[in-house]
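Comments concern the structure below.
The values are calculated or read from the model by the stated rules, or taken from the named source; none is laboratory data. Values in this document were obtained by computation on a predicted structure and should not be read as measured data. All Cβ positions, glycine included, derive from the backbone under ideal geometry; neighbour counts span all protein chains shown. These accessible areas exclude ligands, DNA and RNA; they are computed on the full protein's heavy atoms, side chains included. Shrake-Rupley method; radii C 1.70, N 1.55, O 1.52, S 1.80 Å.
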Amino acid sequence: MSTRGVLLVAHGTPESLDQMPEYLTLVRGGRAPSAHLVEEMRHNYTAIGGRSPLTDLTQAQAAALRAALPGTPVFVGMRNWRPFIADALREAAAAGVTRVVVVPLAPQYSSLSVAKYRQAVEAALPPGMAMSFVSSWHDHPGLLEAFALRTRAALSAGPVDAVVFTAHSLPQRVIAEGDPYAEQVKATAAGVAARAGVGAFEQAWQSAGRTEEPWLRPSLEEALQALADARRRRVLVVPVGFVCDHTEILFDIDQQAQAFARERGMELRRTESLNTEPTFIAALADVVRAAL
């Protein structure tokens, strides 16, 4: 009889600014980062308190999921930092797990994120352990409702002229090669909007990488500029590509995009992240049960 467990996987984040060079080397597939990139990222992390809460929040999500799935062990593995995916799988094997359900905490599938999580799991899967991998859960009703709850709460706090749904950007070539990510983000945004009672809305891409090639457009800043030009100055950002607070939320939106908006006389707000919101945890548990 198999013993089933769950592995939540995410990107990972360093625990201190001193670890930034090693972390960025892992993110870049073994290529050492430039001194400029290291300093830029240290600056960004310093601006949010010196470290990202990603690992802490993922562990909190795992604890909440354990409570929602009594008797099912839940582990956390990161692709680019400790606890690494391989370490989490060894821990699962030591606990007697023989079949693991792997859930990436990125609801929309992309070859640049979710596919790499799968590769990391497959490379480290202990002998005799079977795997069920959840490739996408972007349109799960519970996920959409959790985002809609956050959206309705934000809308009730004051009037807005525009709602902008965001997700992490990707190079345009990836989408041109057939990656479903952009369409899945669009479906998530539409599903959340319908449940939250949002009619017209905008969609934008944030946190693009630092490469020369073209990334998805419009960027969040481009969308904000267009809204400012149209005198739509009260804007709510709904980041539907992320399920907890981390640098893409706390720095890229709360500081960079906020400063961009302020310079244009805009009032920028965003929805609270899902983190351990009960509707979200219930959705996550449902995703796991369907794969067990």
**Asked** Restricting the search to the range 1-42, which residues are in contact with a helix residue (DSSP H, G or I) (Cβ under 7 Å, 6 or more places away or on another chain) and of a type in the set (Ser, Thr, Tyr)?
**Response** Thr13
**Asked** Right, Phe260: open to solvent by less than 30 Å² (accessible area, probe 1.4 Å), more than 21 Å from Gln172 (Cα to Cα) and among the aromatic types (Phe, Trp, Tyr) or not?
**Response** no
**Asked** Just checking, how many residues over the range 6-23 are part of a helix (DSSP H, G or I) and open to solvent by 10 Å² or more (accessible area, probe 1.4 Å)?
**Response** 6
**Message:** Can you list residue pairs whose Cβ atoms sit under 9 Å apart, with the first residue in the range 121-141 being under 13 Å from Arg99 (Cα atoms) and the second being modelled with pLDDT under 95? Count only pairs 6 or more apart in sequence or on different chains.
**Reply:** Ala130/Ser2; Ser132/Leu292
**Prompt:** From the set of residues in the range 186-216 that are among the charged types (D, E, K, R) and without any contact (Cβ under 8 Å) to a residue 24 or more places away in the chain, which is nearest to Glu145 (Cα to Cα)?
**Reply:** Lys186
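Is it true that some residue in the range 52-62 is of a type in the set (Gly, Ala, Ser), in contact (Cβ under 8 Å) with a residue 24 or more places away in the chain and under 21 Å from Gln255 (Cα atoms)?
So far as the range 52-62 goes, yes, one or more of its residues are of a type in the set (Gly, Ala, Ser), in contact (Cβ under 8 Å) with a residue 24 or more places away in the chain and under 21 Å from Gln255 (Cα atoms).
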**Asked** In the range 1-22, how many are closer than 17 Å to Leu250 by Cβ and touching a residue at least 40 places away in the same chain (Cβ under 8 Å)?
**Response** 6
**Message:** Any residue that is assigned to a strand (DSSP E or B) and of a type outside the set (Asp, Glu) - is there at least one of those in the range 207-227?
**Reply:** yes
**Prompt:** Pick from Ile281, Ile249: which is buried (at least 19 other Cβ atoms within 10 Å of the Cβ), under 20 Å from Leu54 (Cα atoms) and without any contact (Cβ under 8 Å) to a residue 60 or more places away in the chain?
**Reply:** Ile249
**Request:** Residues being of a type in the set (Gly, Ala, Ser), surrounded by fewer than 16 Cβ atoms within 10 Å (Cβ to Cβ) and closer than 16 Å to Ser169 by Cα: count how many of those fall in the range 206-237.
**Result:** 1
**Prompt:** From the residues in the range 108-141 that are in a helix (DSSP H, G or I) and not hydrophobic (A, V, I, L, M, F, W, C), which one is surrounded by the most Cβ atoms within 10 Å (Cβ to Cβ)?
**Reply:** Tyr117
**Message:** I'm told Glu40 meets every condition in (1) surrounded by fewer than 17 Cβ atoms within 10 Å (Cβ to Cβ); (2) within 26 Å of Phe251 (Cα to Cα); (3) touching a Ser or Thr at 6+ places or on another chain (Cβ under 8 Å) except one. Can you identify the failing condition by its number?
**Reply:** (3)
**Request:** Can you tell me which residue among Val100, Val38 is within 22 Å of Pro127 (Cβ to Cβ) and over 18 Å from the mean Cα position of the chain (by Cα)?
**Result:** Val100
**Asked** When the residues of the range 142-157 are filtered to those that are open to solvent by 20 Å² or more (accessible area, probe 1.4 Å) and touching a residue at least 12 places away in the same chain (Cβ under 8 Å), which remaining residue is nearest to Ala190 (Cα to Cα)?
**Response** Glu145
**Fill in**
Inside the range 79-107, the number of residues satisfying the requirement of being farther than 29 Å from Gln19 by Cα and either β-branched (Val, Ile, Thr) or assigned to a loop (DSSP other than H, G, I, E, B) (or both) is 6
